[in-house]
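As structure tokens, the structure follows; a few thoughts come after it.
The values are calculated or read from the model by the stated rules, or taken from the named source; none is laboratory data. Remember, it's a predicted structure, so these values are computed and weren't measured experimentally. Please note: Cβ atoms are built from the backbone with ideal geometry, for glycine as well, and neighbour counts cover all protein chains shown.
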Amino acid sequence: MKIYVTDQDGEEHALDAIEGWRVMEIIRDHGLPIKAECGGACACATCHVYVDEAWLGKLAAMRDDEEEMLDEAFDVQDNSRLSCQIIMDESLDGLKVRLARYD
Ligand code: FES
């Protein structure tokens, strides 16, 4: 499985993805710039990504805690999600996201 991640400089990276991993962990494991300060506990919003429109409907719905935490992120858009709350599975093979700025 692959996910496609566009970094803050506009460069796209194809990353090998593992079922059951959080998308944040996949991005971090490949060394791309994502802060993910809280380590996936849905408590920091520094794993903020923009999900490609074509994929938005395929993600599990946001839980309240993700929505509340996103309220504290910068430049939130309709396609904003916290990547630590997206768990990889086969239905997300090919997922495209863009990293948000966090500084
Ligand atoms: S890593 Fe902190 S909210 Fe996702």
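Annotations
- Of note, GLU67 does not satisfy the criterion of being modelled with pLDDT of 95 or more and in a loop (DSSP other than H, G, I, E, B).
- All conditions in (1) surrounded by fewer than 21 Cβ atoms within 10 Å (Cβ to Cβ); (2) closer than 16 Å to TYR4 by Cβ hold for GLU66, with the sole exception of (2).
- Filtered residues of segment 51-64 (kept if part of a loop (DSSP other than H, G, I, E, B) and small (Gly, Ala, Ser)): GLY57, ALA60, ALA61
- Only residues that are surrounded by 17 or more Cβ atoms within 10 Å (Cβ to Cβ) and either within 12 Å of the chain's Cα centre (by Cα) or within 19 Å of GLY10 (Cβ to Cβ) (or both) were counted across segment 43-58, and they come to 8.
- Summed over segment 70-103, the residues that are part of a helix (DSSP H, G or I) and either within 12 Å of the ligand (Cβ to nearest atom) or closer than 16 Å to GLU53 by Cβ (or both) give a count of 5.
Residues are listed down the side, and each one gets a yes or a no for (1) in a strand (DSSP E or B); (2) touching a helix residue (DSSP H, G or I) at 6+ places or on another chain (Cβ under 6 Å); (3) closer than 18 Å to ASN79 by Cβ; (4) within 13 Å of the ligand (Cβ to nearest atom):
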position	(1), (2), (3), (4)
VAL5	yes, yes, yes, no
GLY10	no, no, yes, no
HIS13	yes, no, no, no
GLY20	no, no, no, no
ILE34	no, yes, yes, yes
GLU37	no, no, no, yes
ALA43	no, no, no, yes
VAL49	yes, yes, yes, yes
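- Some residue of segment 67-80 being touching a helix residue (DSSP H, G or I) at 6+ places or on another chain (Cβ under 7 Å) and of a type in the set (S, T, N, Q): yes
- Selection of first residues in segment 79-103 that are within 22 Å of ASP9 (Cβ to Cβ) and of second residues that are in a loop (DSSP other than H, G, I, E, B) and among the acidic types (Asp, Glu), restricted to Cβ pairs under 6 Å at least 6 apart or on distinct chains, gives the following pairs, ordered by first then second residue: LYS96/ASP52; LEU99/ASP7.
- Of the residues examined, VAL5 is one that is among the aliphatic types (A, V, I, L, M) and within 12 Å of LEU99 (Cβ to Cβ).
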